[in-house]
Structures are given as structure tokens and as C-alpha cells.
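Inspection log for the structure reproduced underneath, given as C-alpha cells.
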Amino acid sequence: MAPSQSGPMSNFRFLRACMRQSVDVTPVWFMRQAGRYMPEYRALREKHTLLELCKKPELACEVTLQPLRLGVDAAILFADILLPLEPMGAPFEFAKGEGPVVHSPIASRAQIDALRVIEPQEGLGYVLDAVRMIRRELAGRVPLIGFAGAPFTLASYLIEGGKSSAFAKAKRFMYAEPETFSVLMGKLAEVVRRFLHKQIDAGVDAVQLFDSWVGQLSAEDYRTYVAPHVSHILKDVEKRGVPVIHFGTGTYHLLEEQAAAGGTVIGLDWRTPIPVGREKVGADRAVQGNLDPITLLAPRELAEKHAARVLEAAGGKPGHIFNLGHGILPETPVGTVEAVIDFVHRTSAR
Ligand code: CP3
């Protein structure tokens, strides 16, 4: 088992900030920092499908390391939240221009009963191999973040069959057949719990749970249908002592509930001012965010101005990791990303 680089003795500013310890400068990384906005990523994608990049550890390793040249303070494993669906028995593909497409969207109890609660070694061993390889290649330069999708976000893809805006099918299922929905959520939560443990065993220094679409639910529905499954994962994984980042978007009204469900660090999107977010999640949590990814499409000076506002809102207090409020868009200029990372480091020096 690889020794963890986190814990009270860590020298990495990303891990220190997750633990609300003092830092020399504010750490920064970006969700989707490996991806289409980078020319070296697009070059690899010309030769390989997205799933090939995920499934071949050497390629996943190469892509994970690509954004390091921009000066980020953490690497995030190159994979996708949907990967566990295939070995569970729900194959999907990334269709050109459409995003993910699940071949047989879930509409019945029988389909849910047929889903397998797998051990991550069966069917996701390639991700764990990638973690070990990345860890070796990183050679201690920056910490490595592992991740998984949260049950509601995964269930929404399984039921909708792909991307959605109103989540009508998923929510109708949740309201109309709460017990069956809960069986589905329970199966997903158990697979994700096991998967995050195995990623930690393989050497990741922190993990992030992506509940990207949970902001679609009211606080009451979150409490009823989602929180028990998210805490099943987070309360258990937190025992490992590595930082656990709990992320969602459109979650202004859910932050208290999300913090109660678990996480060392709570993600804030750009709609939640950092001081308000801190108030909601409590002083015992760090926060991550929350630059609007669209600001990176503006001229560099403007992007820096918005980054300055984020730093100002965070007020130099311990427990802030600079990030976007959601993933980088493919049309983002690499130079702007690099400039903002440098700006955050330069202007946040304590
Ligand atoms: O952040 C990183 O650099 C690590 C890699 C990563 C990917 N997906 C690779 C990827 C991570 C952390 C994810 C998470 C993910 N995947 C989420 C949660 C984060 C979020 O953005 O809310 C979600 C909802 C997914 C599902 C998914 N994967 C969608 C909806 C899409 C298509 C949308 C799009 O941008 O085209 C993907 C494809 C995907 N996963 C890409 C990448 C880099 C697109 C790149 C490509 O086609 O080459």
C-alpha cells in the first residue's frame, strides 16, 4: 500500500489547505484541468477515444500529468465518473457531440436488481493501475486527487440515458417509486464507497465526490432521497484521514445539508459568495472554488480581476482551495489558465 502524503505533516499546500492549515500561497487546481482546451490532449484524442484514454493506464497517466506544466498544485486522476456503470451492467458510450449515452436507460425494478455491486478490482482495475502509475510518475511533485460520481448524479445518467436539463425522468422515478430509487442509490453508493477506498489504497492523496447535478433537488428532497447514500460513502471514506472534497453545482440552498452528509472540503460554485458558503458549511470545513469558468473566456486582465475577487472573498483565511465553480470549458485559452494560476500564486503570498 502506498503511504499517504496527507496528514498533519504534509508539506503540500493543497493538502494543508484541505486540512485548514496555514499555507504560503493559496493552492489552485481546476476541475477538468486535463481536457480538450489543451493542445497536447487534443493531439492524443485524435488517435484514441476518450474511453481508450481512460482504460490504458499509460495514456491516463500521460493525460493526468499534462496540466502540471501550467503550475497547478494538484493532479487529478484522468478517468470519468461514469466508468463504474459498465462493470455494474449498464454499458454506455461517449457519442460525438452528444456526451454520454447509456445503452439501456433504467426504467424498471428488474433492471436495478440486475445491476451488480462490484468489487472495484473487477472491471475498474485499470483505474487503480493508472493511480499506481501516476503516483510513481509524479514522484512527489504534487498530490494526486482521486474521484467518483455521487449516487444522484450517476442515477440521473442511468435513468435519463444521457445528459438532461430538467432531470424529469430521474426525478419522476425518485418521486413515484421511492423504494426502488433507494435500492438504485444504495447500489451506486456501495460501489462508489468501495471504489474510493481502493483509489486511496492505490495511492491517491485526496478524493473528490462529484454530485454535479444534485442542485436540481430541494433541501427537503436532498435530505430524504440523497443524504443517507452520500453519508454512507463520505462518513466511511473520511475515516481514512485523507481529505474528502464534496462537490456540487447550483447548491446554494443545499450547502448545510451537503456539509452534514460529509466532506472535509465543500465545493462552492460561483453563485455562492465564499463568506456565505463558509457560514453555511461551518468553520470546521474548508471550501473549494469558485471562479466562474466563463471568466476564463474573457481577456486575461478581466479573468485576473475576477480571480482577485475570489481571493478577496476568501480573505486569506486558512481552508480555501482556489478552483472554478465547475469544469473548464473546451474553448478556454491555455494562456489564460496559466496566467490565472500564476496570478493566484503571486497575489495570495502570505
Ligand atoms: O478533471 C479532470 O481533469 C479529470 C478527468 C474528468 C473527466 N470527467 C474526463 C472527461 C473528470 C473529473 C470527469 C468528471 C465527470 N464526468 C463529471 C463530473 C464533473 C462535472 O463536470 O460536472 C461528469 C458529469 C462526467 C460525465 C461526462 N463525461 C460528460 C457529461 C461528458 C461529456 C461532456 C463534454 O464535456 O463533452 C464527459 C466526457 C469527458 N470526461 C471529457 C473529459 C475530459 C470530454 C473530453 C473528450 O471528449 O475528450
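Using the Kirkwood formula over every pair of different C-alpha atoms, what hydrodynamic radius in Å results for the range 264-319? Please report the intermediate quantities before stating the final value.
Details: mean 1/r = 0.0857 Å⁻¹.
Answer for the range 264-319: a Kirkwood hydrodynamic radius of 11.7 Å.
Farthest toward the dipole's positive end in the range 196-350, which of 274, 214, 227, given Cβ charges of +1 (Lys, Arg) and -1 (Asp, Glu) about the Cα centre?
The one lying farthest along the dipole's positive direction is 274.
Translational D (Stokes-Einstein, µm²/s) of the range 95-206 at 10 °C and 1.306 mPa s when Rh comes from the Kirkwood sum over C-alpha pairs?
Values: Rh = 15.6 Å.
In µm²/s, the coefficient is 102.
Identify all lysines with a Cα-Cα distance to residue 280 below 22 Å; exclude those on the same chain that are fewer than 8 residues away in sequence.
235, 317
P(r) of the chain in 10 Å steps, Cα pairs, percent per bin?
In whole percents, the pair-distance histogram is 6, 26, 36, 25, 6, 0.
Exceeding 26 Å between C-alpha atoms, which entries from my cross-link table qualify? They are 169/239; 163/305; 55/198; 47/187; 56/169; 55/171. Mind showing how you got there, number by number?
Working: 169/239 35 Å; 163/305 33 Å; 55/198 17 Å; 47/187 35 Å; 56/169 34 Å; 55/171 32 Å.
Pairs exceeding 26 Å: 169/239; 163/305; 47/187; 56/169; 55/171.
Would you calculate the volume per residue, in Å³, of the smallest convex hull containing every Cα atom of the range 228-350? Walk me through the intermediate numbers first.
Values: hull volume 13.7 nm³, N = 123.
Convex hull of Cα atoms, per residue: 112 Å³.
Using a Förster distance of 41 Å, how high is the FRET efficiency between residue 223 and residue 36, based on the Cβ-Cβ distance and rounded to 0.05? Don't skip to the end; give the middle numbers.
Details: r = 37 Å, r/R0 = 0.90.
After rounding, the FRET efficiency stands at 0.65.
Mind checking which of 142, 94, 110 is farthest towards the positive end of the range 79-148's charge dipole, using Cβ charges of +1 (Lys, Arg) and -1 (Asp, Glu) about the Cα centre?
142
About its Cα centre, what dipole magnitude does the range 31-138 give when the only charges are +1 on Lys and Arg Cβ and -1 on Asp and Glu Cβ, stated in debye to the nearest 20?
Working: 14 positive and 15 negative charges, 47 e Å.
Value, rounded to 20: 220 debye.
With each pseudo-label sitting 7 Å past Cα toward Cβ, what's the residue 25-residue 119 distance in nm, one decimal?
According to this spin-label approximation, the distance is 4.5 nm.
Multiply the residue separation of residue 96 and residue 137 by 0.36 nm, subtract the distance between their alpha-carbon atoms, and state the gained length in nm to one decimal.
Contour length minus Cα-Cα distance gives 11.6 nm.
Let me have the relative contact order for the chain, percent, based on Cα pairs under 8 Å that are six or more residues apart.
Details: 680 pairs, mean separation 76.8, N = 350.
With pairs under 8 Å counted, the relative contact order is 22 percent.
Charges at C-beta only: +1 for Lys and Arg, -1 for Asp and Glu. How large is the resulting dipole of the chain about its Cα centre, in Debye rounded to 20?
Details: 40 positive and 39 negative charges, 93 e Å.
Value, rounded to 20: 440 debye.
Give, rounded to the nearest 20 debye, the magnitude of the charge dipole that the range 294-345 has about its Cα centre when Lys and Arg contribute +1 at Cβ and Asp and Glu contribute -1 at Cβ. Walk me through the numbers on the way to the answer.
Values: 4 positive and 6 negative charges, 40 e Å.
I would put it at about 200 debye.
Between the range 58-123 and the range 125-142, how far is it from one alpha carbon centroid to the other, in angstrom?
Between the Cα centres of the range 58-123 and the range 125-142 lies a distance of 18 Å.
Any idea how far apart residue 109 and residue 231 come out in nm if each label point goes 7 Å out from Cα toward Cβ?
Taking the simple label geometry, residue 109 and residue 231 are separated by 2.7 nm.
Suppose we keep just the DSSP beta bridges with both residues in the chain; what percent of those would be antiparallel, to 5?
Details: 5 of 28 bridges.
Among the beta bridges of the chain, antiparallel pairing accounts for roughly 20 percent.
Say R0 is 25 Å: what FRET efficiency, to the nearest 0.05, do residue 201 and residue 11 get from their beta-carbon distance? Before the final figure, lay out each step's value.
On the way: r = 23 Å, r/R0 = 0.91.
Computed FRET efficiency for residue 201 and residue 11 comes out at 0.65.
Under a point spin-label approximation (7 Å from Cα along Cα-to-Cβ), what is the residue 284-residue 68 distance to one decimal in nm?
Rounded to a tenth, the inter-label distance reads 3.6 nm.
Each value in this text was obtained by applying a stated rule to the coordinates, not by laboratory testing. As the structure is a computational prediction, the values presented were derived from the model and not from experiment. Please note: Cβ atoms are built from the backbone with ideal geometry, for glycine as well, and neighbour counts cover all protein chains shown.
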